[in-house]
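Remarks on the structure that follows.
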Amino acid sequence: MSDWKMLCRVQDIPKLGARRVTRKVGGDVAIFRTADDKVFALLDKCPHKGGPLSQGIVFGESVACPLHNWTIGFGDGCAAAPDVGCVQKFSVLVEGDTVSLDLNELNAPDAVASEPEGVGAKMNAAA
Ligand code: FES
């Protein structure tokens, strides 16, 4: 059974943008919002060379990495062909306008508090 951690409201995530959840271990998690308000979460690390996907451009149900423009799909966390590679995907629960992530997947009860930064604002998973 999942232990969900409420992180924010859907409207706290920029439409066609992302926020980041910082973790002490395992790397940050990027939470994306599509044009039709679907929410997805991926490790904030492009499978190519580690670019910050939270700083990428969201279109459809994908994000274009800001470094070399690989397209990473939200459904499977994998790069669109001809590129090859996948990034960790995280389960997202949206209830009403509340966005939660699976605490077991986050595995970061001691996440680091941080301030908004750049295009993708950060959040604290340990709120
Ligand atoms: S690091 Fe993302 S496309 Fe190269």
- Query: In the range 41-60, what count of residues is obtained for those that are farther than 12 Å from residue 31 by Cα and more than 10 Å from the ligand (Cβ to nearest atom)?
  - Reply: 3
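Which one of 37, 102, 3 is over 11 Å from the mean Cα position of the chain (by Cα) and on the phi > 0 side of the Ramachandran plot?
Values: 102 fails: on the phi > 0 side of the Ramachandran plot; 3 fails: on the phi > 0 side of the Ramachandran plot.
Sole residue among the options that is over 11 Å from the mean Cα position of the chain (by Cα) and on the phi > 0 side of the Ramachandran plot: 37.
Answer yes or no: is there a residue in the range 2-13 that is aromatic (Phe, Trp, Tyr) and farther than 17 Å from residue 96 by Cβ.
If we filter the range 2-13 for residues that are aromatic (Phe, Trp, Tyr), which is where we start, we get 4.
Add one more test, that the residue is farther than 17 Å from residue 96 by Cβ, and what stays is none.
No; the residues of the range 2-13 include none that is aromatic (Phe, Trp, Tyr) and farther than 17 Å from residue 96 by Cβ.
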- Query: Given the structure, is residue 107 within 16 Å of the ligand (Cβ to nearest atom), at positive phi and of a type in the set (S, T, N, Q)?
  - Reply: no
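Just wondering, is there one or more residues in the range 42-50 that are of a type outside the set (Asp, Glu) and either more than 23 Å from residue 79 (Cβ to Cβ) or not in a loop (DSSP other than H, G, I, E, B) (or both)? Outline the logic, then answer.
As a first pass, look at the range 42-50 and keep what is of a type outside the set (Asp, Glu): 42-43, 45-50.
Subsequent filtering for residues that are either more than 23 Å from residue 79 (Cβ to Cβ) or not in a loop (DSSP other than H, G, I, E, B) (or both) retains 42-43.
Within the range 42-50, one or more residues are of a type outside the set (Asp, Glu) and either more than 23 Å from residue 79 (Cβ to Cβ) or not in a loop (DSSP other than H, G, I, E, B) (or both).
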- Considering the range 64-76 alone, what residues qualify as being within 10 Å of the ligand (Cβ to nearest atom) and assigned to a strand (DSSP E or B)? 64, 71, 72
- Message: I'd like to check something: does the range 8-25 contain any residue that is farther than 21 Å from residue 59 by Cβ, touching a helix residue (DSSP H, G or I) at 6+ places or on another chain (Cβ under 9 Å), modelled with pLDDT under 95 and in a loop (DSSP other than H, G, I, E, B)?
- Response: yes
- State which residue pairs qualify: first residue of a type in the set (S, T, N, Q) and inside the range 16-45, second residue part of a strand (DSSP E or B) and modelled with pLDDT of 95 or more in any location, beta carbons under 9 Å apart, and separation of 6 or more residues or different chains. 22/29; 34/40; 34/58; 34/59
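The values are calculated or read from the model by the stated rules, or taken from the named source; none is laboratory data. Please read these numbers as outputs of a predicted model, since none were measured by experiment. Cβ sites come from the backbone with ideal geometry, for glycine too, and all protein chains shown count toward neighbours.
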